[in-house]
Amino acid sequence: MLKLLLGNRVAAVAGLVVVAFVMLAILAPILAPYDPNEQHPEAIRAAPFWQADGESRFLLGSDSLGRDLLSRIMYGARISILLGVVVVLLTLLVGTGLGMLAGYFRGAFDAVMSRIVDTLLAFPFLIFALAIMAATGPNLVALVLALAFKGWVDFYRVARADVLAAREADYVTAARGVGASTAHILFSEILPNIVPPLIVLAALRMAIIIIAEASLSFLGIGVPPSIPAWGTMVADGRADIAGAWWIATFPGLAILALVLAVNLFGEGLRDALDPRMRQ
Amino acid sequence: MWGRFLRQRLLQLIPVLIGVSFIVFLTMHLTPGDPIEHMLGQAGRITQEQIDELRAHYGLDRPLIVQYGLFVGNAVRGEFGPSYSHHGRTVRSVVAARLPATLELTVFAFVIAIVFAIPAGVIASLRPHGLFDRLATVGALLGISMPGFWLGIVLMIIFGLQRHWLPISGRIDLALVPDYVTGIHTLDALLTANGPAFWSALKHLALPGVAMAAPMAAMVMRMVRSSMIGVLAQDYVQFARAKGLPETTVVGKHALRNALIPTVNLVALQTGLLLSGNMIIETVFQFPGLGKLAVDAIAAADYPLVQAVVLIYAVSYVLLNLVADALHAALDPRVQIA
């Protein structure tokens, strides 16, 4: 699998970009030239260094409060990646767990879950996240719940369908025949076989969550304003696009680069793990 | 057969609509403060008795489930009470005034996405891995990976501020607003044969329309491309070619028609997703529609207004999903509609 993935040059490069972003996020306190909230009143809206009036102290320029954009973008990677990972893990665990139970036991539990899932599928995700955040205000716990609200359904559907197919498979019948417990069958026999599609889905969901979080932060109802976040930074720069285009442009470019890399890596994973979906 | 299909699907909508409305209703109970206090605002000194009276009037002293019943009963009739932030106006009148702008922008974005995506997908599929296909694939990936609010801002910087080709905010040049017919400026301008107004409205729609259309165009393009590649490899297409039919007939008539079946379903689903982008794009471009109204209402803590708009978006989304299913069933005889 690793070989296949590395054989796909685009996916390998995308994977490296994702790793680079993660390193940037972790090492931000060491790598960032300034504290992300440190204001430099003498250098408000400083241009990036390559502009004629740019300052080499602020490589990507500074914002309307004189904060270093590069440092803020590095710190902004932390919250984007952290929220993406937390939300995707949460939805992966909840969705896979419920989906496996529904697929294996079927019956009343499956019937009830299917109703709930049908209802949730009809929910416009971002609009409901927005409604929840509008009610609670910017707040990290609410943000995680709002972003996870519907996301588990995708994992549920994949896990349920795969377990439904697996429970009739010979290897499961054999395990049952030798007297394996239900827990053993579910976790040791079936789970390893349904992991690949779930990993692919997790990667593609990550891209969606990062954009959704940035969108909510852009609207001022995502990440609290005290934490540097890319969406908030683009919103901050919106008023200055006529004079200082860089303030809104660079944080957005960071979102684009990370999401593009995650998407390309996810599609590469899909090609490597799931030959049926290879295009 | 169709009657039964529709009846069944409409019945399935009921639990969905109950769930949607219940969550919208609950968000009001998550909000800090008391709706009566919001409503009274700066109305001066008010006795506890008056507050209790108002609470009883709006049913706020009743059990939660009764309040939900009242909420749904009012919502069905389009009544959401007074708006907290638009003084002296009901939520209904505020929403009604903004609805045409959002309809206009959404339809415009839809048209851009389709007009661009279907030909691009077809051309890309004719020569897989050719130059056009590679460009289109990269473009589609960018469209999917780009946050809409940022694309909007970049378009504003390039086409509005540096080139001055297009306006970057509003719906129309205020001196050119056409006579009111439907509230949809482009349509009103056409109906009243007002050329300058039409042109102005169209120019104002261009940038927000493109920003809103980008993710949908990307998804639809990819779908058309991959289903065309699949269809073009089928025996009947080879047969049509072998019969000596011109390539345009083979591609346009035999292949495209079948390739569009899965696309139609995706298009309806994506139109639902356009609505999510709508809120953000309207905010970026100061476009006076429902999306901007909702975002402003959030900032002003005007919860009844937020609820009303969220409910409108959610119900539209649910109905578009229904349309997607119905179209899919109508076009693909393999889908059992009974």
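None of the figures in this text is laboratory data; all of them are computed from the coordinates on show. Keep in mind that what you see is a predicted model, and the values were worked out from it rather than measured. With ideal geometry, Cβ positions are generated from the backbone for all residues, glycine too; neighbour counts draw on all protein chains shown.
Some values worked out for this structure:
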quantity: Amide H partners (placed H, <5 Å) of A:Leu65, local residues excluded; calculated: A:Arg45
quantity: Long-range HN-HN contacts of B:Thr90 with modeled amide H, under 5 Å; calculated: B:Ser83
quantity: Net length gained if the chain between B:Phe22 and B:Ile51 were fully extended (0.36 nm per residue, minus Cα distance); calculated: 7.9 nm
quantity: Choice from A:Phe218, A:Phe265, A:Phe109 with maximal GNM fluctuation in chain A (Cα, 10 Å cutoff); calculated: A:Phe109
quantity: Candidate aspartates and glutamates for bridging to B:Lys203, where Cα separation is under 12 Å - those fewer than 8 sequence places away on the same chain excluded; calculated: B:Asp173
quantity: Debye, to nearest 20: dipole size of the range B:91-331, +1 on Lys, Arg Cβ, -1 on Asp, Glu Cβ; calculated: 640
quantity: Options A:Ala52, A:Gly99, B:Leu232, ranked by Cα towards positive dipole end of the protein assembly as shown, top entry (Cβ charges); calculated: B:Leu232
quantity: Residue order, fewest to most surrounding Cβ atoms within 10 angstrom, among B:Glu104, A:Glu42, B:Glu79; calculated: A:Glu42, B:Glu79, B:Glu104
quantity: Student exercise, the protein assembly as shown dipole from Lys, Arg, Asp, Glu Cβ charges, in Debye to nearest 20; calculated: 1780
quantity: Partner aspartates and glutamates for B:Lys243 [C-alpha distance under 15 Å; skip if fewer than 8 residues away on the same chain]; calculated: B:Asp235
quantity: Cut-off 12 Å, label 7 Å out along Cα→Cβ of A:Phe49, residues of the range A:61-89 by amide N; calculated: A:61, A:70
quantity: Tilt relative to chain B, helix B:195-232 - C-alpha long axis, 0 to 90 degrees, to 10; calculated: 50
quantity: For the range B:249-257, Karplus couplings with θ = phi - 60° (6.51, -1.76, 1.60), whole Hz, Gly/Pro x; calculated: 5, 4, 6, x, 9, 6, 7, 4, 4
quantity: Average partner coverage of A:212-225, which counts Cβ from other chains inside 10 Å; calculated: 3
quantity: Protection proxy ranking of A:179-192, B:256-269 - average other beta-carbon atoms within 10 Å, highest first; calculated: B:256-269, A:179-192
quantity: Relative contact order of the range A:72-178, defined on C-alpha pairs under 8 angstrom at six or more residues apart (%); calculated: 43
quantity: Convex hull per residue volume in Å³, alpha carbons only, for the protein assembly as shown; calculated: 221
quantity: Charge dipole (debye, nearest 20) of the range B:91-206; +1 at Cβ of Lys and Arg, -1 at Cβ of Asp and Glu; calculated: 240
quantity: Three-way shape call for the range B:91-331 based on the alpha-carbon gyration tensor, with the a/c threshold at 1.5; calculated: prolate
quantity: Axial C-alpha extent at least 24 Å, average Kyte-Doolittle at least -1.0 - helices from chain A (DSSP); calculated: A:9-26, A:69-105, A:140-166, A:191-218, A:246-273
quantity: Nearest-ten-degree value, helix B:64-76 long axis tilted from longest Cα axis of chain B; calculated: 60
quantity: Pairwise centroid distance, computed over Cα atoms, of the range A:35-102 with the range B:118-188, Å; calculated: 27
quantity: Helix axis angle, B:91-126 relative to chain B longest principal axis, alpha carbon, degrees; calculated: 20
quantity: By average C-beta atoms within 10 angstrom, highest first, the peptides A:248-255, B:19-26, A:131-138, B:192-199; calculated: A:248-255, A:131-138, B:19-26, B:192-199
quantity: Calculated from backbone phi, Karplus (6.51, -1.76, 1.60) coupling profile of the range B:292-309 in Hz, x at Gly/Pro; calculated: 5, 4, 5, 5, 5, 5, 4, 5, 8, 6, 8, 5, x, 5, 4, 4, 4, 5
quantity: Neighbour-count order for B:His86, B:His164, fewest beta carbons within 10 angstrom listed first; calculated: B:His164, B:His86
quantity: Fewest-first sequence of B:Asp52, B:Asp302 by Cβ atoms within 10 Å of each Cβ; calculated: B:Asp52, B:Asp302
quantity: Kirkwood hydrodynamic radius of chain A, from inverse mean 1/r over distinct Cα pairs, in Å; calculated: 20.8
